[in-house]
Structures are given as C-alpha cells and as structure tokens.
Amino acid sequence: MSAIAKALPRLRPEEMEDPKEHLMHDPMPRGDMNTMVLDSMHTATWKYWTVVTILAFIVVTCLGYAWYYLIMQGLGVSGDDRPVYWGVFLVNFVYWIGISHSGTLTSAILRVLKIESRRPFTRVAELMTAFAIVNAGLSVFMHMGRVWLAYWMIPYPNERTIWPDFHSPLMWDFMAITTYLICSSLYLFLPLIPDLAMVRDRSKGWVKTFYKILAIGFRGTEGEWKNLHLAMNIFAFAIIPVAFSVHTIVAWDFAMAIRPGWSSSVFGPYFVSGALLSGVAAVPIVLFLVRSTMKNMKYFLRPEHFDTVGKMLLIISMIWAYFYFNDYIVSWYGGDKWEKILNLFVQTGPQWWLWYLMLFCNIVVPWSILWRKKWRQTPWLMALVGILINVGMYTERYIIVPEMLTINRMPFTWHSYIPRVEIILTIGTFALFLLLYFAASRILPLIPAWEVQEGQEGHILRKIGKARIPTISEID
Amino acid sequence: MSDKISRRDFLKLAGVGAATTAVLTGCGPAARLVQREPYTKMPEYTYNGLSTYYATTCRECSAGCGLIARTYQGRAIKVEGNPNNPVNLGKTCARGQATLEGLYNPQRVRGPIKHSRGQSLYGSDNQNVESNMSWDDAIQVVADALSKNQPNEIAFLMGMAPDHLFDLITDLTKAINAPAPIRFGALGMFEARTTLMQAANDLLGQSGLPFFDIGNADLVFSFGANFLETWLSPVAQTRGYSSLRRRNPNQRGYFVQFEARMSQTGAKADEWIPITPGTEGLVALALGSLMVTASGASLPAAYSNVDVNSIANVSGVTLDTLKRLANMFAGSAHPLAISGGAALGQSNGLQTAEAVLTLNALVNNIGKDGGVFLSPLAPLADEYHRPASIREMDDFVAKLQSGSIKVLFVHGVNPLFELPKSIALRDAFKNVPQIVSFATFPDETAVQADYIFPDKHGLESWGYQKVAAGAGSSTLSGAQPVVSGVYTADGAVPQIFYDARATADVLLAAAQKAGGTLASALKFKDELEYIQSQLKGLLGNTDGFFSAAEINTFTAYFQQNGGWWKTSDDRVAPSASNALNKTFNATPAQFVGDGELYFVPFVEPVMAEAGANKPWLQEIPDPTTTVVWNSWVEINPDTAAQLGVDNDDVVLISSDAGSVEASVYKYPAIRPDTIAMPFGQGHTAYGQFAQGRGVNPFDLLSNATNEAGDLAFASMKVSIKKTGKKRQLSRLEGVIGVYENFGQQP
Amino acid sequence: MANDLNSPVKMNMSQDAQGKWGMVIDQDLCTGCQACVAACSMENNVPFVGEVDAGYGRNMQWIRIERFWSGSFPDIKMTSYQPVMCQQCHKAPCEPVCPVYASVHSESEDLNLQVYNRCIGTRYCANNCPYQARTFNWRDYQDARQRPELVTLQNHLNPDVTVRRRGVMEKCTFCIQRIRHTEDTAESENREIRDGEVVPACAQACPASAITFGRIDDPTTQVSQAAVTSRAGHLLEDLGTIPHVTYLAGGA
C-alpha cells in the first residue's frame, strides 16, 4: 500500500485531478439517470421545433424538389461535362461514406479495445453511420443518369435475363455498402435494446406499444444479457473488416481506373485513413451540438470525451498525412508525365487554393491544436477543429474527383468543372443529416444509459492514503 | 417514240446501264414525273424497311457536287456523295452533309406571303408566319410584275450557281428584252473569280476559270488560296491535296502557304510563311526573279521591275528564305503556284493573280499535268458566266438607288447579308417599289421584300447545274426531288408543313398569265419540261457517261445517274506564249483607313455564307479555332497582351466603314500586326439558329476593289479598343489542355 | 445461367459476324474539314447541344478533330489534325467497369458495343476511357417536347440507329448498322464481304480519303496493309488497350 503511495507523484491537492471529472467516477442512481435520459428525449423547446421546421423545409426544397428537377431535366443541370463525368455527387458519396466510418468503426474499435470513456458517446456515433450512409446512397442515386433503373444493379433472377457484372468496382461497392448498411444497423440496434426496454417500461399508451415492438421483448434476464453481450462482441469484431473493406472498395472505384492520379495501390488504406479522419472529426461536432442543445447532456458528455476523440484525431491525422505523402511522393518521384501534369494542375491550376486548404485543415490545424490537453478538453474548440477537418477532407475528395478528372491523357478535352445544382442538393443532404439527428433525439435515447450504468458499477474509487485511485472490475 | 416509256421498256434500258445502277435505285420509271408521298399512301416500290436512293445535286454551294440521298418512307435520311460525279467522286463536305437540316429546317417560309418590309417572318416564339395568299395569287403578282412594268424596269438578282433557273430567267429576260439576270454570292467575292478570270485572260489570252491541278503536282506554293476550305470546289481540291501527298509513294508532295493568318489550308502546309498582307504578288515576282537569276538566263519583261531586296523587306520574308523557296520551286518536277483568298482581295489583287500565273508560266506548267489549265466548259454552256464582281454589284445597286428599277426578283442569294454594308443596298431597296423574294428561308433580304414566294429546297427540286470548277471533265450535275415535300404528322393525317413551289414553275405559269411574247417564248408546262427542252441538246452525244437517243430515256438516265458528264479530260490548255511578257509595277497594296492593324476576314470553313441556320453546322467546330455557335476575332497573343485583352474579352473593332464588337480568341498563328474575323455569323434574320449570333465582318469593309473589280476585302486597316465586357466563346478544345502550361502534347 | 446470356459470343447476334474490323486514319491527308463529323452525326442521330453546353465540354459528336500547336510565332506549326473516335479497343478499359453490362465486347468482331437501353448512367466507362471517346446525354437533346425546333428536324433521323434519351452513354459504333447491312447482303448473295464494301459514314464522306475501313483479321485488306507501314501508330499505345484505330503520322 505504501509502495503504491510512494509511486504516485506528489501533487499538491489543488493540482490533483478531480476524479469526479470522469463520468465513470461520478455515479448516479440508476433511476435518476434513466429519468435524465428520458427527460432529454421529452424536452422540446420552441427553438427545437423552429429548427426542425427550417430543416424540413430545406430538405423538401433543396433535396426533394431539386432532385426531382435533376431527374426530369437530366444531368445537364449539374456541372458535369467531358472529361469531368463525376462531380460533387461522387464527392458527397465518398464524404458521407467517410462520415459513416466514425460511428460503427470507431465504436467497434473502442469497444474491442475496452476504452471506457467510449460509453456515453457510442450511440451518437453509431447513429451517424446510419444517417451518413443514407446520404451516401442518395448521392449515388443523384449521380446516376437513369436513376429509375437503379434496381438493375440488384442481382436477382429477372425477366430481363441480365445479371449485374461483378467485374465492375461499382458492383463491389454496391454489395459492400449494402452489407455495411445492414451490419451497422444491427450493430446500432443491439445496444439500443436495453435502453428501448427502459423507455418502454416508463411510458404509456401507444408510445409503450411502439417501444414494446422496438424492444423485441427484452426483459433483462441473465440469459438475455449474456446473449446481448455475446452478439455485440461478435459484431464489434466482425464489423471492423467490413468497414475497412467498404472504404477500401470505395477507393477502388478510383484506383481501379486507368487514370493518372487515381491508379494508385495505396488508395485503399489512404481512403480508410481519410474516412476515419473525417468521420472521427465529425464526432466532436455532434457531441458539441448534443451537449449544448439537449437537456442533461452535460452530465454525460464531458471534456474527457472530447479529449479521447482529440487524441484519436491527432493520431489519425498523422496516419492520413503519412498515406497522403506516400501517394504523393511516389507519383512525384515516379515522374510519370501525366502524374506530373496532374500534380502541377492541382497545385498551380485555377483552383490551386483547394490543395493548400486541404493541407492546412487536415495537417496544420490538428497538429497545432490537438497536442494540448486543455484545448482538447474545450468542447467548442474541438467542434471547430472537427469542422475544419471536415472541410479539409471534403476538399480532399473534391480534388480527387472533379479536379483530377479534369486532367486525362487527351489534353484536347480538358474542361474544368463548375458545380451547379449539386450545391443545392449538397445543402439538402446536410440538412437531411441534421434532421435525422433531430428526429432521433426525440425517439431514441441518445445516451446508452445501461452502458454508462454498467461502466459506473464497474468503476470504483479506492482511497489510498490521501489519493483516490480509480480501479475497474472486470466486466466481461 | 412516245412521251412516256413503259415500265418494261425502262427495265430493258436499265439493264444496259446496270453497272451504274449498283448504288442507284431511284429514278422515274413509268411516268415522267414521279410522285413521292408520305407513307400513308405508299407507292408500290417503297417497301417498309428498305431505303430508296436518289441521285441529285448539292445546292449548299455552287460547286455542284453530286449527291445520293437515302430516303426512307418518304423522308430523306442521309446524303452521300455520288461516286460517279466527276466533281466529288462520292465525297461530300460538312455543308453537304447538313443539307438535310435545310430541308427539314423549322424556319422555312411556309408558303407565299405578302408582307410589309422589315417585319420578321417568324415570331418571338419561333413560330413561322403563316402563308397569307394562294399560289394562284402569287403567280398573278409575278405575271403583273413582268407584264405591267417596262422590260428595263425589271431586274433579277440570282445566286452563284449557273443552273437551269439561270438559263430559264436568261431566256425570259431575252424574250422581253429585259436586262440579263445578275448573279452574285459572297463566296464568289471571297474567291475573287473575276480577278482569276481577268488574270487568265490577260496572260493566257483565253477567258475561263483557272483550274489548278493540285493532284498531279509535287510542289504547291499557295498564295492565300484557301483551297481546302470554301474556295471554288473544295471537295475536288481536297481530293487533289490528298493525291499531292500520296500519289507518288516515294515522294510526298510538298506544300507551302503564304498568308498572314494561318488558315485551315495553311495548317496543312509544310511551311507557313506569314507575309505582310498585300505583298503576295511581290513575293511571287521575287521568287520568279530569283529563279531566273539563279538559272543564269536573262530576265523576261515580267521581272524587269522587280527589286528582290525591297520585296524581302516589305513582305517580311527574308532573302534567304526567298532564295531557298525559289530553288525549291525551280528544282521541282511539277511545281504549281496558286493564288486566291485574301491575296486577291487586295488593291493589287489582279497583279498578284498575274504574278502567280507568271510563276507558273516560268516553270512551263501551263496546260500540263500538275499545272494550270482553264476549267472545262460545262455541257450546254456557251461560256462560263461568272458571278458579278463587286464593281458590277456597285453599279447594280446604284441602278436600284436611282429608282429606274420597278421590280426586283431575288433568288438564291441573300445580298443584304452577303454584301458589305458600305454598299448601301438596304437604302437602295427603298427606291425599288416592288421586291419579290424566292427565298426558301426567312433571310435578311426576304424580310425586306414585299412578297416571299418560297422556292423548294434543293432536295425537293428538279434542275441541273453547270459545273464551273473542280471537275476535269465537262459536267452537268442533275437534280431531282428526293422527297415530295415536308410533312408533319399531326394526328393521323399528314399535312404539308411547307407549301413551297419551284420558282421555275412560278415563272413559267406567270409567263403564261402575262401573255404576249413571254407566253410564246416560254411555252413549257412545268419546270421539268423546260429542263428536258434544254437536255435535248445532249441527245445523241456519244462521248458522255451515258447516251440516249430519246429525251424521256435520257431524262431517266439523267435522274438515275445524277447528271451527265463527258468521260474525257476536257481541261483547256491555254497558250502561255505571252505570259512572261507583261511588265509589273510591283507595287504593294494600298490600304483603307489609318488603323494600326491589318484586317483579314475569311469565310468560316464549315458554315460559309449560308450555313448559319443549320444547327449542326453551328455546332461543328471551326477547324482552326474550334469555336462553335459564334463569331470571334483572332489576335496574336503578343498583340493581345499589348492591348491588355485576354481570351473572351469583347473588343470594339473599328474601320473607316464601321465597327463591330467581338470576343477575342488569342490565335497563335497570326501576324502580330494582323487580326482576322470569320464571315458567316451576324445574321439579323434567317431563323432561330442564326439570328442574333455573332457579328458580320462585312460591316467593317469599304467598297474598295482591286484592279479587276473584285472586292478588296482584306484591304482595311482597323483599330481595336477594349470594351471591358466579356463574352465567353464556346470551344471544343479545352483551353487549359491546348494553351496553358499543363498542356503537353500527347 | 446469367453469364451465358451476357456473353456476346454465345448470343445469337454475333453468330453471323464476319471478321474483326479496324480503321486507319491518315493524318497526313486529314484536312480537318469536319465532313466526317457531320456525316457521323447525320448517320447516327447525334444531337446538337447548343452554344452553352457545347462550350462547357458537352459536345455529343462521336468524332472530335484534335489539333495542338507547337512553337510560337513565326515558327509556329499546327500539329496534324487528329480525328479521335472510339478506338474499339481489344482490351477496352470501359467494359469491365460497367455494373450492368451496358458496355460489352463482341468477341467475334472485336468491337466495343454500347447497349443503350441497359445503360443506367453511372458514367464510369467514360471516366475509364483513356481516349475520352464517350459522350453522355446530359439532357433530353432529342426530345421534341422540350425542343420544339426538332419537330421538323427529326424527319431525317436514321431509322437504323436508336435515338438516345437523357442519362445514356453513347459512342462511335464503327457504324455497326452498316456492317450488319453489308453482312446481310453478302449472306443473301452467298459470298464473303469484299474489302472496302463496308464503309462507315465518316470514311464515306471524307473528301481526302483519309479514313480507310476494313477487316483486320485478313492480312490482305487495305487496313491491314496500311497498319503495318512505318508511319502507323496507335493512340496511347503504352496503356495496352490494343485499339483498332491506327493512325498514320502526318507530315511525313
């Protein structure tokens, strides 16, 4: 005992960290916590409804009407041309797929690694996966010339006697994204079950019926908990390769093409790191919004959680930079004529500033801010960093898709690209994303109450001399 | 023999010409006139799923290329070249291909219209103005105009093509002692046909249009001649170019172009010599002089006044280059020098044409393969009736201005667009009490007319055309309707959309109505009967592609084969004995205005003067700049930098005659002291695809002529001012790929 | 099962095919006159797109005539005109990337086929075409309801060629309708197709006769012989696409 006390740094009491800063060490009675979570779901101010109305309006006009217009008029109303056949829709697709990695992949990794501070925010992150993947799918549909025939990509025996071509990276994409959507929906649903059961038990009337159906009869028996944990474990491990494969295959959409700038063997891991970067960077934004707009959330979402995300971001940003320069230096040193022209075009062409913006947002910003704990623990700053990194990653995708498509091996055809209706539809997808969150905050408990409670029960502060040492009992 | 031949007879006869019928299935077998109607009333020989082919003549320019039109259920689907026609031997240019867009153009005049001058012929919604009179009334109007005016108060202005209608109107004017019809076209002006003929007449002592045998030459010096674009007979000359390069597998023909702005033709040259505008003739003289000097012979009269050093100075071609080129020309087995285009559109254009002919005479290639001939005279032609020069048009306009003309008939030409504004035709029109236009399309001239009696489109018409240039054999290209009219299928019953009538039919009917000498001189039932009366002159001729003793048979063959031509080489070899005896003053060209830049207008090669109403031609990129759908002004990048203008900046170009605004195209292959503009856009009428697009460089031209009377269209000096506006040019090329640093050639 | 149906080799349409087709373009002869472009548009019902779209890189023409500049005034030269259309690659990068088999290969004729009514408009094929030979129907350019001027102009549409609607990719077909027609004719006359009997619209129009078309699996044809001369080359040969359009270098 004294050996441990000696090993501890001798800190003055005011210098010592208050363990109560940690959610796990700031326990609350189970009933009170459940009430807090329910309160947050049931409290809606006029501000909330105003925002929801505005978002709904944007979704109907910018997404609904603009898409209708796009479908009826054809892609001529977009900015695509020869040679930029893929424009902002594909940028959005890659971007939203990237965002979708934040949730399921991050949550799965943290769960597998048993990072305790994950507990309150996995749900928020997993919801992001579901909503982002909806937007990613929509973006692909917007991109298609004849979207009303999109079902031709589904492999089923049909009267057309045509089977989709599995040689095509787009088919791999289609299959991978479908798999990922199903897996991540299940992965979102599993930890929701006890919480839904909790809500069911505390509601009345048709609401109760609604949650009764959703909670699929969960009663909290020992066997059910065991099965739940087992299922969650399996999914947590299994979904990591699925998520990796999804973004690798998205990268292959580009890397498999014979185009300068795209045809690169490092694109798979590079895209995965980029997806993680933008996805994880989206987490503090959402956490900040949830924390500052919803009731009772300051208890659950604390600076320590921003800190965790910040550390991850810093590492991922470094990984991204490593892959980016790996790709860049290989193409530069390789000296291929077209790669050289392409790099020159990206860095000195009409949209040169995009390249510098990308490097600033993805490297300079995280590396100069995230090294300091105090800043990592400042929620608004973390949200700002998240936004900047997302701007940087969006820019990166913009450079990869329309910028790089401008340059091909037939210089006579080089026309640049100016987005048109895409801008409105992009606004629409962002509004849809937010709207889905707003809707979810009314329907689902955004905080996995049972996971927090489970964590808090496992964490105990032991007094050793003057120091209070956090200890964890084995849960699994 | 009877007037009509039976189907059986025809089939027998057709067997004789079986070799020629391989690709031709269309001709009028049983009747003189074949009715072609839409598929609700299908003629027996039109099968579902099978095409019918008709041989006819392209009317897009006056070259007279033979076409074969593919029709399908009464609609014309595609035109191809007629492989037998000596002009084009189965080939076509882009304009010919797009002729169907004229036939099916949404803005054709719908029927005979009486209208007040200046009023548009289609509304803001692009709906065509409805016909407001019957054809009977229209014919009455023409008959009255012909009979109630004094003969010398009647004037006919026609297009460039020497066709059956020109013959008919010539006969008509002869019958009433009216002035002969005047033919004109902007292309003829750009080609400087008058100058070329005058030069031939002066030096070779024989009148006729020169024929440059590019195909058999092995070295071509072209002084401004844009012979691959619109000059004389572009399809035939392109074939010649092809042969120049590949005829001899061991030696590829060499080609040097002298011009201030690299044209499409210049782009194909091995050497492009950017000489000062107006010094082409001087350079030709210098080359000749150097050749003679190098050979040690004494200088002929032609080169007595030639100072090679000063020519090198004024033309901007170094003496070394001149010597090298002179050596090359002298050392070649079949050298050929051609003059044309902007080189002749100078105040000294005739001197240039003659100096170039002299160069040919010096190497003794006049009348030899790979040299200079005179074009063969077409069958039925007594001489080549050249279109009017600008000087003659100036006189004609003055006559209109004076008020001595009471009725003007306009056919096949759009003079308000094709004449420089400085020749005040629009004003002169005010002094003509009655103007009748036979325009198929609502062009600028039709808009200023009192009556529009639309002629049929070329693909709906009968006719023949005397080929003036391009063919080595004497050629009469024949035309026949390939469709019976344009129909729309509104509901089940097809209705005629365009109620056009052949101008020849209108004139013949009017002549009968007018009575008197006119009626007795033009006693023809219809256009076809008139054509047959002309074709009778060819009966029994055995040196032709086919022969027949009887007119209906001949007509059937004529339709089937798309014309009649001799199988011999009919190029005229003139005497060159005096060609070296003319002395030249060797004067540089005079320029109009005190601007700092030479101004070179050129014909947009794809669209030319009348292609602007065809959307395909609008969308086909200009071969040199790849600009579509608009006008531009070509400026050397260095000059542009000095002026502080960039691509797509709108500049104001002003000359003594006027000013226009156009977007800048920084063109790397033009002299820094020269700017160039395409001719073809700038319509104020002529249908929705043409109207309000670009500008007409003719607004900048004065009526200065060269010695022969052709317009000195390249003799203006202009100045440029920035306007601060910007209007983006649509180009096929990617500017960043072709012009900016990233653009490395593949 | 599905694979059998999607393999053109096993589909009936190619059983009667007679040989593989190729084209030779002599850049020395090409004068850039655009007659081929007009003829192709006419034959294949290619629409016009208007000034704005044309300037924005949306020309639908199946052939484009490229040219570049070398040097600067006065020693400037225009590079030889280079008509570029679908190169009908033996190993076509556009084919494997289509998820719905709209871009397929005819093994027997070695042509790249584009099946318009299968196309769903992902535009991957166009991205992956190193020659940028594909054009996309960005709008309903052929819809007379949206473009009233087409009501009369549509009369000249070729009944042998499908009119494409918005959202469909298209490209040069080597005038496959003419190949088929000639094959039918030859078969009904019980003979082989003669060399030079199949003439695509571009070659038929070309005033300089710069375009030659014929069988490349028969060494005696004009194309086969032209393709082995010293001037012959292919576009972007290093990519290994094995294109069937051979270019004879200009200026020599």
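The values are calculated or read from the model by the stated rules, or taken from the named source; none is laboratory data. What you see is a predicted model; the values in this text were computed from it and never measured. Don't worry about glycine lacking a Cβ; one is built from the backbone with ideal geometry, like all the others, and counts go over all protein chains shown.
Among (1) under 19 Å from C:ALA92 (Cβ atoms); (2) more than 21 Å from the chain's Cα centre (by Cα), which single condition is C:THR229 missing?
Here C:THR229 clears every test but (1).
Evaluate the range B:107-114: report whether one residue or more is in contact with a Gly (Cβ under 9 Å, 6 or more places away or on another chain) and within 22 Å of B:GLU604 (Cβ to Cβ). Steps first, answer last, please.
So the first thing to find is which residues in the range B:107-114 are in contact with a Gly (Cβ under 9 Å, 6 or more places away or on another chain), and the list is B:107-108.
Subsequent filtering for residues that are within 22 Å of B:GLU604 (Cβ to Cβ) retains B:107.
Yes.
Mind counting the residues in the range C:55-81 that are in contact with a helix residue (DSSP H, G or I) (Cβ under 8 Å, 6 or more places away or on another chain), in contact (Cβ under 8 Å) with a residue 12 or more places away in the chain and closer than 14 Å to C:GLY32 by Cα?
Count: 6.
Just give me the residues in the range B:686-723 being farther than 21 Å from C:VAL52 by Cα, among the small types (Gly, Ala, Ser) and touching a strand residue (DSSP E or B) at 6+ places or on another chain (Cβ under 8 Å), in sequence order.
B:SER702, B:ALA704, B:ALA712, B:ALA714, B:SER715, B:SER719
So B:LEU157 ticks every box in (1) in a helix (DSSP H, G or I); (2) away from chain C (no Cβ under 14 Å); (3) modelled with pLDDT of 90 or more but one. Which box is left unticked?
Here B:LEU157 meets the rest and fails (1).
How many of the residues in the range C:59-95 are under 15 Å from C:ILE242 (Cβ atoms) and either of a type in the set (Gly, Ala, Ser) or surrounded by fewer than 19 Cβ atoms within 10 Å (Cβ to Cβ) (or both)?
As a first pass, look at the range C:59-95 and keep what is under 15 Å from C:ILE242 (Cβ atoms): C:86-95.
Checking the rest, the ones that are also either of a type in the set (Gly, Ala, Ser) or surrounded by fewer than 19 Cβ atoms within 10 Å (Cβ to Cβ) (or both) come to C:90-92.
Looking only at that region, the number is 3.
Which members of the range A:68-113 meet the condition of being in contact (Cβ under 8 Å) with a residue 24 or more places away in the chain and assigned to a loop (DSSP other than H, G, I, E, B)?
Result: A:GLY74, A:SER78, A:GLY79, A:ASP80, A:ASP81, A:ARG82, A:PRO83, A:VAL84, A:TYR85, A:TRP86, A:GLY87.
So is B:GLN434 within 26 Å of B:ILE531 (Cβ to Cβ) and either touching a strand residue (DSSP E or B) at 6+ places or on another chain (Cβ under 6 Å) or polar (S, T, N, Q) (or both) or not? So that I can check it myself, show each step before the final result.
Numbers: within 26 Å of B:ILE531 (Cβ to Cβ): no; either touching a strand residue (DSSP E or B) at 6+ places or on another chain (Cβ under 6 Å) or polar (S, T, N, Q) (or both): yes.
No; evaluated as a whole, the condition is false for this residue.
Here is a list: A:TRP172, A:TRP148, A:TRP152. Which entry is within 30 Å of A:GLU422 (Cα to Cα), in contact with an Asp or Glu (Cβ under 9 Å, 6 or more places away or on another chain) and not basic (Lys, Arg)?
On the way: A:TRP148 fails: in contact with an Asp or Glu (Cβ under 9 Å, 6 or more places away or on another chain); A:TRP152 fails: in contact with an Asp or Glu (Cβ under 9 Å, 6 or more places away or on another chain).
None of the others qualify; the one that does is A:TRP172.
For the condition within 12 Å of another protein chain (Cβ to nearest Cβ), out of contact with any Asp or Glu (no Cβ under 9 Å at 6 or more places or on another chain) and modelled with pLDDT under 90, what is the one hit in C:THR185, C:THR229?
Values: C:THR185 fails: out of contact with any Asp or Glu (no Cβ under 9 Å at 6 or more places or on another chain).
Matching residue, one of C:THR185, C:THR229: C:THR229.
Go over the candidates B:THR92, B:THR25, B:THR56 one by one and state the one that is under 28 Å from B:ARG239 (Cβ atoms), modelled with pLDDT under 90 and among the hydroxyl-bearing types (Ser, Thr, Tyr).
Numbers: B:THR92 fails: modelled with pLDDT under 90; B:THR56 fails: modelled with pLDDT under 90.
Of B:THR92, B:THR25, B:THR56, the one residue that is under 28 Å from B:ARG239 (Cβ atoms), modelled with pLDDT under 90 and among the hydroxyl-bearing types (Ser, Thr, Tyr) is B:THR25.
Would you please name the residue that is farthest from the other protein chains (Cβ to nearest Cβ), looking only at residues in the range B:649-695 that are outside any loop (DSSP other than H, G, I, E, B), aliphatic (A, V, I, L, M) and more than 21 Å from B:GLY341 (Cα to Cα)? Give the derivation first.
In the first step, residues of the range B:649-695 are kept if they are outside any loop (DSSP other than H, G, I, E, B); the result is B:649-654, B:659-666, B:670, B:674-679, B:683, B:691.
This time we only want the ones that are aliphatic (A, V, I, L, M), so: B:650-653, B:660, B:662, B:664, B:670, B:675-677.
The next check asks that each one be more than 21 Å from B:GLY341 (Cα to Cα); those that pass are B:650-653, B:660, B:662, B:664.
Numbers: B:VAL650: 15, B:VAL651: 19, B:LEU652: 22, B:ILE653: 20, B:VAL660: 19, B:ALA662: 15, B:VAL664: 15 Å.
Filtering the range B:649-695 for residues that are outside any loop (DSSP other than H, G, I, E, B), aliphatic (A, V, I, L, M) and more than 21 Å from B:GLY341 (Cα to Cα), the one farthest from the other protein chains (Cβ to nearest Cβ) comes out as B:LEU652.
Go over the candidates C:VAL9, C:VAL52 one by one and state the one that is surrounded by fewer than 24 Cβ atoms within 10 Å (Cβ to Cβ), at the interface with chain B (Cβ under 9 Å from one of its Cβ atoms) and modelled with pLDDT under 95. Please lay out each step first, then the result.
Values: C:VAL9 fails: at the interface with chain B (Cβ under 9 Å from one of its Cβ atoms).
Exactly one of C:VAL9, C:VAL52 is surrounded by fewer than 24 Cβ atoms within 10 Å (Cβ to Cβ), at the interface with chain B (Cβ under 9 Å from one of its Cβ atoms) and modelled with pLDDT under 95, namely C:VAL52.
With the structure loaded, tell me whether C:TYR124 is crowded, with 21+ Cβ neighbours inside 10 Å, among the hydroxyl-bearing types (Ser, Thr, Tyr) and more than 30 Å from B:ARG245 (Cβ to Cβ) or whether it fails that test.
On the way: crowded, with 21+ Cβ neighbours inside 10 Å: yes; among the hydroxyl-bearing types (Ser, Thr, Tyr): yes; more than 30 Å from B:ARG245 (Cβ to Cβ): yes.
Answer is yes for this residue.
Which one of these does A:PHE325 not meet: (1) over 15 Å from the mean Cα position of the chain (by Cα); (2) in contact (Cβ under 8 Å) with a residue 40 or more places away in the chain?
Going through (1) over 15 Å from the mean Cα position of the chain (by Cα); (2) in contact (Cβ under 8 Å) with a residue 40 or more places away in the chain one by one, A:PHE325 breaks only (2).
Among residues belonging to the range A:363-393 that are closer than 21 Å to A:PHE254 by Cα and surrounded by 22 or more Cβ atoms within 10 Å (Cβ to Cβ), point out the one that is farthest from the other protein chains (Cβ to nearest Cβ).
The extreme case among them is A:GLY392.
Which one is modelled with the highest pLDDT among residues in the range A:385-414 that are hydroxyl-bearing (Ser, Thr, Tyr) and over 30 Å from A:LYS374 (Cα atoms)?
First, the residues of the range A:385-414 that are hydroxyl-bearing (Ser, Thr, Tyr): A:394-395, A:398, A:406, A:413.
Still in the list and also over 30 Å from A:LYS374 (Cα atoms): A:398, A:406, A:413.
Working: A:TYR398: 95, A:THR406: 91, A:THR413: 91.
Here the residue is A:TYR398.
In the range B:61-85, which residues are in a loop (DSSP other than H, G, I, E, B) and surrounded by 24 or more Cβ atoms within 10 Å (Cβ to Cβ)? Spell out the reasoning first.
First pass over the range B:61-85, keeping only residues in a loop (DSSP other than H, G, I, E, B): B:61-65, B:73-74, B:82-85.
Within the range B:61-85, B:CYS61, B:SER62, B:ALA63, B:GLY64, B:CYS65, B:ASN82, B:ASN85 qualify.
Residues in the range B:733-742: is at least one over 22 Å from B:VAL627 (Cα atoms) and either away from every other protein chain (no Cβ under 14 Å) or assigned to a loop (DSSP other than H, G, I, E, B) (or both)? Don't jump to the end; show me each part of the working.
So in the range B:733-742, the residues over 22 Å from B:VAL627 (Cα atoms) come out as none.
The answer is no, given that none of the residues of the range B:733-742 is over 22 Å from B:VAL627 (Cα atoms) and either away from every other protein chain (no Cβ under 14 Å) or assigned to a loop (DSSP other than H, G, I, E, B) (or both).
Within the range C:88-112, restricting attention to residues that are part of a loop (DSSP other than H, G, I, E, B) and of a type in the set (Ser, Thr, Tyr), which residue is farthest from A:ILE154 (Cα to Cα)? Before you say what the answer is, go through the steps one by one.
We begin by selecting, within the range C:88-112, every residue part of a loop (DSSP other than H, G, I, E, B); these are C:88-102, C:107-110.
Of the ones still in play, those that are also of a type in the set (Ser, Thr, Tyr) are C:101, C:108.
Values: C:TYR101: 13, C:SER108: 29 Å.
Among those residues, the one meeting the criterion is C:SER108.
Collect the residues in the range B:119-144 that are among the small types (Gly, Ala, Ser) and either touching a helix residue (DSSP H, G or I) at 6+ places or on another chain (Cβ under 6 Å) or over 13 Å from B:ALA509 (Cα atoms) (or both), keeping them in residue-number order.
Taking the range B:119-144 as the starting set, the residues that turn out to be among the small types (Gly, Ala, Ser) are B:120, B:123-124, B:131, B:134, B:138, B:143.
If the condition is that a residue be among the small types (Gly, Ala, Ser) and either touching a helix residue (DSSP H, G or I) at 6+ places or on another chain (Cβ under 6 Å) or over 13 Å from B:ALA509 (Cα atoms) (or both), then B:SER120, B:GLY123, B:SER124, B:SER131, B:SER134, B:ALA143 are the ones that fit.
For the range B:218-235, name all the residues that are among the hydrophobic types (A, V, I, L, M, F, W, C) and in contact with a Lys or Arg (Cβ under 9 Å, 6 or more places away or on another chain).
B:LEU228, B:LEU232, B:VAL235 - these are the residues of the range B:218-235 that are among the hydrophobic types (A, V, I, L, M, F, W, C) and in contact with a Lys or Arg (Cβ under 9 Å, 6 or more places away or on another chain).
Looking at the range B:311-332, can you tell me whether even one residue there is without any contact (Cβ under 8 Å) to a residue 12 or more places away in the chain and within 26 Å of B:ASN706 (Cβ to Cβ)?
Looking only at the range B:311-332, we keep the residues that are without any contact (Cβ under 8 Å) to a residue 12 or more places away in the chain, and these are B:313, B:318-320, B:324, B:331.
Still in the list and also within 26 Å of B:ASN706 (Cβ to Cβ): B:313.
There is at least one residue in the range B:311-332 that is without any contact (Cβ under 8 Å) to a residue 12 or more places away in the chain and within 26 Å of B:ASN706 (Cβ to Cβ).
In the range C:93-114, which residues are touching a strand residue (DSSP E or B) at 6+ places or on another chain (Cβ under 8 Å) and away from chain A (no Cβ under 11 Å)?
C:HIS105, C:SER106, C:GLU109, C:ASP110, C:LEU111, C:ASN112, C:LEU113, C:GLN114
Looking at the range C:161-169, can you tell me whether even one residue there is among the hydrophobic types (A, V, I, L, M, F, W, C), assigned to a strand (DSSP E or B) and touching a helix residue (DSSP H, G or I) at 6+ places or on another chain (Cβ under 8 Å)?
The initial filter retains those residues of the range C:161-169 that are among the hydrophobic types (A, V, I, L, M, F, W, C), namely C:161, C:163, C:168-169.
Right, trim to assigned to a strand (DSSP E or B) and you get C:169.
Of the ones still in play, those that are also touching a helix residue (DSSP H, G or I) at 6+ places or on another chain (Cβ under 8 Å) are C:169.
Within the range C:161-169, one or more residues are among the hydrophobic types (A, V, I, L, M, F, W, C), assigned to a strand (DSSP E or B) and touching a helix residue (DSSP H, G or I) at 6+ places or on another chain (Cβ under 8 Å).
State whether one or more residues within the range A:137-147 are hydroxyl-bearing (Ser, Thr, Tyr), touching a helix residue (DSSP H, G or I) at 6+ places or on another chain (Cβ under 7 Å) and away from every other protein chain (no Cβ under 14 Å).
Pass one, the range A:137-147, residues hydroxyl-bearing (Ser, Thr, Tyr): A:139.
Narrowing the set further to residues that are touching a helix residue (DSSP H, G or I) at 6+ places or on another chain (Cβ under 7 Å) leaves A:139.
Then keep just the ones that are away from every other protein chain (no Cβ under 14 Å); that gives none.
Scanning the range A:137-147 turns up no residue that is hydroxyl-bearing (Ser, Thr, Tyr), touching a helix residue (DSSP H, G or I) at 6+ places or on another chain (Cβ under 7 Å) and away from every other protein chain (no Cβ under 14 Å).
I need the full set of residues from the range B:72-103 which are in contact with a strand residue (DSSP E or B) (Cβ under 7 Å, 6 or more places away or on another chain), more than 10 Å from chain C (Cβ to nearest Cβ) and either free of Cβ contacts under 8 Å to residues at least 60 places away in the same chain or under 16 Å from B:PRO481 (Cα atoms) (or both), in order please.
Once the filter is applied, which keeps residues that are in contact with a strand residue (DSSP E or B) (Cβ under 7 Å, 6 or more places away or on another chain), more than 10 Å from chain C (Cβ to nearest Cβ) and either free of Cβ contacts under 8 Å to residues at least 60 places away in the same chain or under 16 Å from B:PRO481 (Cα atoms) (or both), the range B:72-103 yields only B:ASN82.
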